[in-house]
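The values are calculated or read from the model by the stated rules, or taken from the named source; none is laboratory data. Bear in mind that the values here come from a model prediction, so they are computed numbers and not experimental data. No Cβ is skipped: glycine too gets one built from the backbone with ideal geometry, and neighbour counts run over all protein chains shown. Just the protein is used for accessible areas: all its heavy atoms, side chains included, with ligands, DNA and RNA removed. Shrake-Rupley method; radii C 1.70, N 1.55, O 1.52, S 1.80 Å.
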Amino acid sequence: SDTGDLEGKLTVAYVGLEAMYRRLEERNVDEVARKKFLEEHVASQIGAASEVELTNNPDWASSETPLVAEFNLKIPGWASNAGKRTVVPAAIFTASEKGMFEHANRVNPIYFEYPHQKVDDVTIELPPGWQVSSVPQTQDQDVKAVAYSLKVEPSAGALRLTRKLTIEILLLEAKLYPALRSFFQVVRTGDAEQVVLQPGEIHASN
């Protein structure tokens, strides 16, 4: 919106082991608890206060189809003013990666519960009259065991944000920790990039 709020529909599909673990974790609770579980998981991925409401009834009983959850999402004040311009983050669902592997040294091996991939594909409609001034450079880091990409594509009145983080590791020796730490520093740097927007005349004059 022209006040900086980000609001719309969100669909999250958990597949493979991601779906299985969530179904197992919530198998003995009621629908109210499951709703809260999914809403809190989405909110935990956003690095800002947000309003998340589950709007569908996910299929908790199946073992084969993806676990699909649909939400109404609102992030108040997602865009911020920078002089006569407005900036918005180039990525949204990144909070879980912000604190990963920040320490310089590691004694024990690094263990991941299972290899996984996190894919975000978000389209943001801009308020009427707003223009895109600049977008961050495309990020594409692939070191085989881990990979990260981030791309911002402007179009008429909209932005498309695509981000992919792939972890194909179960166990990593401590001696390889510096390379993994360096990779996640690249991820955090990319996630912190911003899109610069030029608001419409009415907004800019306020």
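One table, with the values for the structure above:
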quantity: Which of 90, 148, 114, positive extreme of dipole for segment 83-193 (C-beta unit charges); calculated: 90
quantity: Relative contact order for segment 8-131, counting Cα pairs under 8 Å that sit 6 or more residues apart, in percent; calculated: 27 percent
quantity: Electrostatic dipole magnitude of the chain [Cβ: Lys, Arg +1; Asp, Glu -1; Cα centre; debye, to 20]; calculated: 600 debye
quantity: Approximate spin-label separation residue 63-residue 7, in nm, with each point projected 7 Å along Cα-to-Cβ; calculated: 4.3 nm
quantity: Largest to smallest accessible area among 111, 14 [probe 1.4 Å]; calculated: 111, 14
quantity: Solvent exposure of segment 70-205 as accessible area per residue, Å², 1.4 Å probe; calculated: 57 Å²
quantity: Cβ-placed point charges (K, R +1; D, E -1), dipole of segment 67-109 about Cα centre in debye, nearest 20; calculated: 240 debye
quantity: Among 44, 19, 60 - extreme Cα towards positive end, dipole of segment 18-87, charges at beta-carbon; calculated: 44
quantity: Accessible surface, segment 1-46, averaged per residue in Å² (probe 1.4 Å); calculated: 63 Å²
quantity: Distance in nm between pseudo-label sites at residue 95 and residue 33 (7 Å out along the Cβ direction from Cα); calculated: 2.3 nm
quantity: Total lysine pairs whose alpha carbons fall under 19 Å of each other in the chain (8 or more apart, or interchain); calculated: 15
quantity: Protein accessible area in the chain, 1.4 Å probe - carbon and sulfur %; calculated: 50 percent
quantity: Total formal charge among the other residues, if their Cβ is under 9 angstrom from that of residue 89, Lys/Arg +1 and Asp/Glu -1; calculated: -2
quantity: Debye, to nearest 20: dipole size of segment 17-89, +1 on Lys, Arg Cβ, -1 on Asp, Glu Cβ; calculated: 460 debye
quantity: Label of the coordinate-derived value, Rg/Rh (Cα atoms, Kirkwood Rh), listed as (i) 1.04; (ii) 1.00; (iii) 0.95; calculated: (ii)
quantity: Gaussian network model of the chain, springs between alpha carbon atoms under 10 Å - residue of 24, 161, 180 with greatest fluctuation; calculated: 24
quantity: Under 15 Å, Cβ to Cβ, from residue 7 - net charge with Lys/Arg +1 and Asp/Glu -1; calculated: -4
quantity: Rough spin-label spacing in nm, given labels placed 7 Å along Cα→Cβ, for residue 85 and residue 122; calculated: 2.0 nm
